[in-house]
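These notes are about the structure you will find just below.
The values are calculated or read from the model by the stated rules, or taken from the named source; none is laboratory data. This one's a predicted model, so the numbers in the text were calculated from it and none came from an experiment. We place every Cβ from the backbone using ideal geometry, glycine too, and count neighbours over all the protein chains shown. Surface accessibility is based on the protein's heavy atoms, side chains included, excluding ligands, DNA and RNA. Shrake-Rupley method; radii C 1.70, N 1.55, O 1.52, S 1.80 Å.
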Amino acid sequence: MATFGEVRSWRPGLLDSAVTDLGRRRDELLELADELADARPPQTWSGGTAQAARAAIGGLTDRMEHLVAEVAAVRAAVADAAEGVRAVQRLVAEADHLAWSHQFSINDDGSITNHLQDADLATALASYPERAAALTRIGELVQTVLSRAAELDQLLVMILDRAIRGEIGDGGARNLTDAADHGDQVGDGGLHDDLLSRYRVSIDPDGMVEFPSGVLGWALERAGHSPQEMTAGEARLLEDLGLFGIKDAYDIYKTALNSGENVFDGAGLTDGHSDAFRHAYWNAMLTNRFGPEWTEQYTTAHERGGTNAASAEAMDLHNNEVGRRIAAEHPGAGPDELAGLIEQAVRDGEMVVVAPDGQLVRSNETAIGDTGSATDPPSEGGADPPAPDPYRDNTSGGYNPGSDGDNYGTYDN
């Protein structure tokens with residue numbers, strides 16, 4: 001994993017040079033299309049020798065199409081990496097400037113040094129509250145830089161390894177140009193494909209149910225919560241919470257829903273930035289109320305209906321995970337503080353959204369309000385959600401207005 005100092009010294013210009021060179025090599029290969037066409041035996045030539053010649057030319061054309069696709073894929077992946085490095089280095093510059101302006105510096109290993117000479121760090125932070133806020137933000141930026149840098153490495157290496165192993169096909173191309181277009185899609189889709197492969201769940205084998213019912217349903221309706229259709233797994237997890245716990249979970253969902261409609265002026269409520277905020281905020285509040293384990297089980301069970309587009313499912317599962325992580329990093333945060341942290345994470349590119357072309361991209365790689373919709377089919381298969389641990393307490397030590405047991409407190413809406 002790259003250190004902060006190494007990321008600071010990265011030079012995207014070197015990647016730009018590689019993109020230019022690979023583009024030139026791709027174009028040189030494309031110029032061979034006419035020669036391959038001219039090399040085909042004439043239709044009037046028949047017999048065994050003609051068949052052998054056609055087979056040889058066909059094999060050569062197929063190998064050329066694969067080679068063009070590989071070069072195009074690597075070029076596209078390197079181009080994406082160059083843009084990714086620039087985005088990460090903007091975060092590095094922001095962190096360095098914030099540190100300098102508050103008399104801190106960021107070391108190559110990511111640690112932060114205090115340069116206020118007349119006091120130790122604790123005294124300095126107590127005397128200057130704005131420095132404490134700046135120190136927190138610097139630490140968040142350092143972590144974002146390191147995680148994004150690791151992801152850039154992973155995605156580029158993934159495409160390079162596939163090219164080396166000969167795993168990049170030509171997509172059924174009929175000519176070299178089609179093969180190059182397919183390669184471009186493979187290279188550009190590194191993050192998209194990686195998310196689709198890692199964030200997918202199986203369909204709930206017990207199907208959908210209406211919850212709650214009976215006395216519990218009657219009591220919750222009196223509290224303003226009507227029965228809802230949900231997966232059987234969701235219903236079981238909610239039932240374990242008891243009446244007040246279910247009300248708390250529902251109130252948290254309503255808070256996330258209402259906040260999502262207001263943040264970013266409601267831009268991208270479906271598959272966009274507001275959607276990303278809503279899912280992460282929902283998970284963050286649930287985590288600080290019921291703990292990360294229960295929250296992961298519950299919000300993953302929510303995705304097991306089997307009707308969501310694969311891209312939408314991957315986006316939701318990824319952003320849910322980011323929300324739980326942010327809550328775990330800020331166990332004492334209340335709803336308002338969590339909302340601010342989540343909004344900043346969306347702006348910093350820690351979430352993913354659906355771009356206008358249907359591809360999953362980082363939330364800072366497409367403008368707020370300039371997103372698309374997930375229209376691909378549901379994913380085929382996937383992992384089951386994590387099994388509950390009967391010996392683990394499902395409440396967190398953070399913002400928890402109620403007490404353990406049946407009284408889970410309430411969130412204001």
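Please determine whether any residue of the range 315-331 is at pLDDT 75 or above, part of a loop (DSSP other than H, G, I, E, B) and among the aliphatic types (A, V, I, L, M). No, the range 315-331 contains no residue that is at pLDDT 75 or above, part of a loop (DSSP other than H, G, I, E, B) and among the aliphatic types (A, V, I, L, M). Restricted to the range 237-310, the set of helices (runs of 4 or more DSSP H) holding at least 3 residues that are out of contact with any helix residue (DSSP H, G or I) (no Cβ under 8 Å at 6 or more places or on another chain) and of a type outside the set (S, T, Y) comprises 242-262. The helices (runs of 4 or more DSSP H) found wholly in the range 1-91 and carrying at least 1 residues that are farther than 20 Å from G349 by Cβ and touching a helix residue (DSSP H, G or I) at 6+ places or on another chain (Cβ under 9 Å) occupy 12-30, 33-38. Of the candidates V215, V263, the single residue that is modelled with pLDDT under 85, of a type in the set (V, I, T) and farther than 30 Å from I159 by Cβ is V215.
Filtering G139, G110 for residues that are in contact with a helix residue (DSSP H, G or I) (Cβ under 7 Å, 6 or more places away or on another chain) and more than 30 Å from D21 (Cβ to Cβ) leaves a single hit, G110. The C-beta contact set for the range 113-136 (first residue modelled with pLDDT under 70, second residue of a type in the set (D, E) and outside any helix (DSSP H, G or I), distance under 9 angstrom, 6+ apart or interchain) comprises A124/D118. The set of residues from the range 174-209 being part of a loop (DSSP other than H, G, I, E, B) and open to solvent by 70 Å² or more (accessible area, probe 1.4 Å) comprises R174, R200, I203, P205, D206. When the residues of the range 276-302 are filtered to those that are of a type in the set (D, E, K, R) and open to solvent by 10 Å² or more (accessible area, probe 1.4 Å), the one that is modelled with the highest pLDDT is R278. Among the candidates R148, R165, the residue that is of a type outside the set (F, W, Y), modelled with pLDDT under 90 and open to solvent by 40 Å² or more (accessible area, probe 1.4 Å) is uniquely R165. Residue under question is T375, and the condition is that it be hydroxyl-bearing (S, T, Y), farther than 21 Å from V88 by Cβ and loosely packed, with under 15 Cβ neighbours inside 10 Å; does it hold? So T375 fits the description; yes. Scan the range 135-145 and tell me whether some residue there is in contact with a Ser or Thr (Cβ under 9 Å, 6 or more places away or on another chain), more than 27 Å from A95 (Cα to Cα) and open to solvent by less than 30 Å² (accessible area, probe 1.4 Å). Looking through the range 135-145, none of the residues is in contact with a Ser or Thr (Cβ under 9 Å, 6 or more places away or on another chain), more than 27 Å from A95 (Cα to Cα) and open to solvent by less than 30 Å² (accessible area, probe 1.4 Å). Considering the range 40-65, and only residues there that are at pLDDT 75 or above and surrounded by 12 or more Cβ atoms within 10 Å (Cβ to Cβ), the residue that is farthest from G172 (Cα to Cα) turns out to be W45.
Checked against (1) open to solvent by 60 Å² or more (accessible area, probe 1.4 Å); (2) closer than 30 Å to E83 by Cα, T3 passes all but condition (1). Would you pick out the residues in the range 327-337 that are within 19 Å of the chain's Cα centre (by Cα) and closer than 22 Å to N364 by Cβ? Across the range 327-337, the qualifying residues are A327, E329.
Only one of the numbered conditions (1) without any contact (Cβ under 8 Å) to a residue 12 or more places away in the chain; (2) open to solvent by 20 Å² or more (accessible area, probe 1.4 Å) is not met by S259, and that is (1). Remark: pairs (first residue in the range 161-173, in a loop (DSSP other than H, G, I, E, B); second residue among the charged types (D, E, K, R); Cβ separation under 7 Å; 6+ apart in sequence or on different chains) = I168/E70; I168/R162; D170/E65; A173/E65. Scanning the range 66-92 for residues being within 15 Å of G166 (Cβ to Cβ), open to solvent by less than 10 Å² (accessible area, probe 1.4 Å) and β-branched (V, I, T) gives a total of 1.
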